[in-house]
Amino acid sequence: MRFHEKYLKAREERESILCIGLDPALKEQRKHEVIPEKYGDDLLGFCLDIIDKTAEHACAFKINSQYVLFKLTLDELMLLNQVVRDKGCLSILDHKLGDINESNNSAFYWIKKAGFDALTYNPYSGNLRDAADDAHHHDLGLFVLTLMSNPQAEWIQKDAPDDQPPLYERIAREAGRSKADGVVVGTTDHVKNIDLKRIKVASRDETIYLCPGVGKQQGAMGKIFNALGDNLLVNVGRAIIYDQHPGEKANGYRKLFEK
């Protein structure tokens, strides 16, 4: 089953386009938004609890590699992803991979072995078509960073001379030509309606739009629905996983995203 079909199946069965971001930080890492003391440094236990409390309201989980890959073992990642699958949800590794083909292929092998369904990809190495082909060979979906929610990304992804298309548009077009499964498009203030429309036009019909920035970054959802259509995965992380009642919070976002 192609990733787009997996996405449609999960979206229909879960009646949700909510993707929950798992960004579990230890108290040694920062002062705020850390996992509760009762978990100690048990990132796996925290993530499993969040999945158990929220999965009925979501169709996907996005695990941020910057938080887990230096802590969790391969077996623990396999267990985490098995639980996500058992809940009927998709598992996306937010890894922002981007390297030469040989290195990418090594990553695809281990990402698939760990049980992920898809990953995020940084296109700046230029070999996007090969990356999409190789990811699909490993039965992985590929989401290409296109216009990120981080406002500091604007100078490289958006700014362009008046007679040139912005880089995000060129990336979206190349992602479509390469048959990548989706693009990552932020929802924060620096992402304007015209940006979304240009991305939509440059993309293919099956493109899935993974949209971070809602929640703690205060991204606006209305413009995303109006410009990008139905193939959405709306990611909310910290606003859910660090709430005292993550299940209720997830349900609230799921209902908010209903059209």
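The values are calculated or read from the model by the stated rules, or taken from the named source; none is laboratory data. Keep in mind it's a predicted model, so treat the numbers as computed, not measured. Counting neighbours? That spans all protein chains shown, and the Cβs are built from the backbone with ideal geometry, glycine included.
Couple of notes before you dig in:
- Any hit, the stretch 80-89, residues being acidic (D, E), at pLDDT 95 or above and part of a helix (DSSP H, G or I): yes
- Listed by first and then second residue, the pairs linking a residue in the stretch 1-16 that is on the phi < 0 side of the Ramachandran plot and polar (S, T, N, Q) to a residue that is outside any helix (DSSP H, G or I) and at pLDDT 95 or above, with Cβ atoms under 7 Å apart and 6 or more places separating them unless they lie on different chains, are S16/A58; S16/C59.
- Test: residue in the stretch 65-79 that is within 15 Å of A118 (Cβ to Cβ), touching a helix residue (DSSP H, G or I) at 6+ places or on another chain (Cβ under 9 Å), without any contact (Cβ under 8 Å) to a residue 40 or more places away in the chain and crowded, with 21+ Cβ neighbours inside 10 Å: yes
- Conditions (1) within 27 Å of H138 (Cβ to Cβ); (2) touching a residue at least 12 places away in the same chain (Cβ under 8 Å): number failed by S106: (2)
- Boolean, A107 is within 23 Å of E5 (Cβ to Cβ), of a type in the set (A, V, I, L, M) and under 20 Å from the mean Cα position of the chain (by Cα): no
- Any hit, the stretch 3-10, residues being touching a helix residue (DSSP H, G or I) at 6+ places or on another chain (Cβ under 7 Å) and crowded, with 20+ Cβ neighbours inside 10 Å: no
- Residues considered: G21, G45. Of these, the only one that is buried (at least 16 other Cβ atoms within 10 Å of the Cβ) and either in contact with a helix residue (DSSP H, G or I) (Cβ under 9 Å, 6 or more places away or on another chain) or not charged (D, E, K, R) (or both) is G21.
- The residues of the stretch 166-193 that are basic (K, R), farther than 11 Å from L147 by Cα and not in a helix (DSSP H, G or I) amount to a single one, K179.
- Matching residues, the stretch 80-103, being in contact (Cβ under 8 Å) with a residue 40 or more places away in the chain and of a type in the set (V, I, T): I92
- Residue within the stretch 207-224 that is more than 24 Å from I240 (Cα to Cα) and either surrounded by fewer than 18 Cβ atoms within 10 Å (Cβ to Cβ) or at pLDDT below 95 (or both) present: no
- Residues that are part of a loop (DSSP other than H, G, I, E, B), charged (D, E, K, R) and buried (at least 20 other Cβ atoms within 10 Å of the Cβ), drawn from the stretch 94-117: D117
- Test: residue in the stretch 194-207 that is touching a residue at least 40 places away in the same chain (Cβ under 8 Å), outside any helix (DSSP H, G or I) and within 17 Å of the chain's Cα centre (by Cα): yes
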